[in-house]
1. Going through Val308, Val312, Val319 one at a time, which residue ends up being of a type in the set (Val, Ile, Thr), touching a residue at least 40 places away in the same chain (Cβ under 8 Å) and closer than 21 Å to Asn172 by Cβ?
2. Tell me, yes or no, whether region 67-78 has at least one residue that is modelled with pLDDT of 90 or more and touching a helix residue (DSSP H, G or I) at 6+ places or on another chain (Cβ under 8 Å).
3. Tell me, yes or no, whether region 365-379 has at least one residue that is in a loop (DSSP other than H, G, I, E, B) and either closer than 28 Å to Phe272 by Cα or at pLDDT below 80 (or both).
4. Only one of these is modelled with pLDDT of 75 or more and on the phi > 0 side of the Ramachandran plot: Gly249, Gly286, Gly235. Name it.
5. Can you tell me which of (1) out of contact with any helix residue (DSSP H, G or I) (no Cβ under 9 Å at 6 or more places or on another chain); (2) in a loop (DSSP other than H, G, I, E, B); (3) in contact (Cβ under 8 Å) with a residue 60 or more places away in the chain is the one His164 doesn't meet?
6. Output the residue which, of all residues in region 79-97 that are of a type outside the set (A, V, I, L, M, F, W, C) and in contact with a Lys or Arg (Cβ under 6 Å, 6 or more places away or on another chain), is modelled with the lowest pLDDT.
7. Scan region 293-309 and tell me whether some residue there is assigned by TED's automatic domain parsing to the domain that holds Thr412, surrounded by fewer than 18 Cβ atoms within 10 Å (Cβ to Cβ), closer than 15 Å to Ser347 by Cα and touching a helix residue (DSSP H, G or I) at 6+ places or on another chain (Cβ under 8 Å).
8. Within the set of pairs 6 or more residues apart or between chains, which connect a residue that is under 14 Å from Lys104 (Cα atoms) and at pLDDT 85 or above inside region 133-149 to a residue that is acidic (Asp, Glu) and assigned to a loop (DSSP other than H, G, I, E, B) with Cβ atoms less than 8 Å apart?
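The values are calculated or read from the model by the stated rules, or taken from the named source; none is laboratory data. Since the model is a prediction, treat every value here as computed from it, not as a measurement. Cβ placement follows ideal geometry from the backbone for every residue including glycine, while neighbour counts extend to all protein chains displayed.
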Amino acid sequence: MKLHEPKTTKKGRFSFLTSIWIVPIAAFFISLWLAYQYFSQLGAQVTILFKQNSGLQANQSYIKYRDVPIGVIKEITLDKKTDGVIVTARMNKEADVYLNESTKFWIVKPEVGTSGISGLDTLVSGTYIQMYAKKKDKNLVKKEFIGLDKPYIDRDTTTGYRYHLSAPDSRNLHIGSPVYYRKILVGEIEDIKLNEEGTRVDFEVFIKHPYTNYISKETKFWLMSNISFTFNHSGFNLDLAPVSHIINGGIAFDTPAKIIHEKEQGISHIFFLYKDRLAMQKKRIGLGKKHKHHFFMLVDEPIAKLDVGAPVEFFGFQVGSVVAMHSDFDNKIKKIISTIEVVIDTSAFAERRDEDINETKSFFIEAVKKGLRAKIAQSDPITGSQYIELVFEAKAGQREIEHMGAKEIIPTVGSNDVDIAQKLSLILDKINSLRIEELIETLKNAIDENSKQSVEMLKELNIVAKNLKKISSDPKMRQLPERLSKILDKLKDSLDGVNALLKGESKKSALSKEITIMLKEITNASKSIDRLSKKLEKKPNSLIFGDE
């Protein structure tokens, strides 16, 4: 019996491709394709140095440009060289053209401040990095950046101008505070910082077009008031600013009406920021700018109520202000000597007919030679606030400005002003020392005693009035002139009114002893009238024909 062997077919060298290996090989090629796609989309890896991390998370937080994610945070580490934080991020390929010198990064997080609420979208998406950039050549890719502490604002001359303001302090303003022109929002504060010397605060404000047309070198800026009072012939007016103004503060400006304005287009001119509208409207003389010079005063009088920023006045016009003060105790004279630094516009002392006023300091020096002196004066009788007044003193002598190193010392004279607030205090003390209660009690007792006697006298007057009425109603008396009858009627009405007044308010009436004496005289007169009435009853025609 033959056994038949099973027939088998011979397989080729590459027959394994038809087996299960085809699946992993296909997966391998697909993985290679996906990896190529992934790495081909990767952009540059950048590092950003921030002062601190504000909620960023590795592999979770994004970098956004125009609200589109263009990168992801990969790593957050401390910088060993500085106290900052290094954020490493992988950017998308299309972001390479935006990574250049113009690129700015800052962290966006939820914040609540006086200017409002910002970064609300981060409550859902989380904290992220915002980017600002301008598109340039992608071959010039920058990979290291320094992050900003605040959002970057891109503004140029096509939308408005920036202006430079200065003040002794911050005026309680902040970045983002609004700027108004005739109560219309026209700009905002972009930056607040100390000047290089640390003596003043500089503001940089941005004003939008077309409102820049209303700004010239004569423009005045002031801090808007939350509450303003006005009182004139038309009445009293209270103006309360809106809540947004009270919270955010704000700056207002105005330009005096003139035929020709020299427009100011930028920060070449420094504007002074006044503390309120009233201070802005105060009368000033002088050209300002380069004509302002620093001088010093040495005084041994109290300056506790003299503040930095207090005005320096000359014949009621402000020509400068106080910029600094310092006091020391002098053991030799047993007094406190105060050094006051003031800035004075010397052009205010130039003569009107003088055409060349490029250098005006010499006019001020000449005025000092002629007797110009500085003294401490009071401006407010209630608070006793002080200011510097420049006056001509004939008895002051022909002194000149003294020099103490680089300091120029203005001669001073003592102030003869007496503290008005102290005067008022003394007057009030004298009033309080008066025994007013005792005087009132004495007067009340006198009135009570005299009022009883006065009521009795008026009772007799009432009787006389009735008799007069009886006489006036007699038919025979009607033959008397009508004038006499009217006079009697008026006298009766007056007496009745006085009687009613005294009976109703006798204890509260403000009668004096003089009234009591007068009533006694009236009583005597009433007795004479009583005798007259009795005689007329007996003989009615005696007034015409006499007693005979």
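1. Values: Val312 fails: closer than 21 Å to Asn172 by Cβ; Val319 fails: closer than 21 Å to Asn172 by Cβ.
Within the list Val308, Val312, Val319, the selection yields Val308.
2. So the first thing to find is which residues in region 67-78 are modelled with pLDDT of 90 or more, and the list is 68-78.
Narrowing the set further to residues that are touching a helix residue (DSSP H, G or I) at 6+ places or on another chain (Cβ under 8 Å) leaves 70-71.
Taking every residue of region 67-78 in turn, at least one turns out to be modelled with pLDDT of 90 or more and touching a helix residue (DSSP H, G or I) at 6+ places or on another chain (Cβ under 8 Å).
3. Quick first cut of region 365-379, residues in a loop (DSSP other than H, G, I, E, B) only: 370-371, 379.
In the following step, the residues that additionally are either closer than 28 Å to Phe272 by Cα or at pLDDT below 80 (or both) were identified as 379.
Within region 365-379, one or more residues are in a loop (DSSP other than H, G, I, E, B) and either closer than 28 Å to Phe272 by Cα or at pLDDT below 80 (or both).
4. Working: Gly249 fails: modelled with pLDDT of 75 or more; Gly235 fails: modelled with pLDDT of 75 or more.
Among Gly249, Gly286, Gly235, only Gly286 is modelled with pLDDT of 75 or more and on the phi > 0 side of the Ramachandran plot.
5. Just one mismatch for His164, condition (2).
6. Residues of region 79-97 of a type outside the set (A, V, I, L, M, F, W, C): 79-84, 88, 90, 92-94, 96.
Of the ones still in play, those that are also in contact with a Lys or Arg (Cβ under 6 Å, 6 or more places away or on another chain) are 84, 88, 90, 96.
Details: Gly84: 90, Thr88: 95, Arg90: 92, Asp96: 86.
Selected residue: Asp96.
7. Yes - at least one qualifying residue is present in region 293-309.
8. Lys142/Glu101
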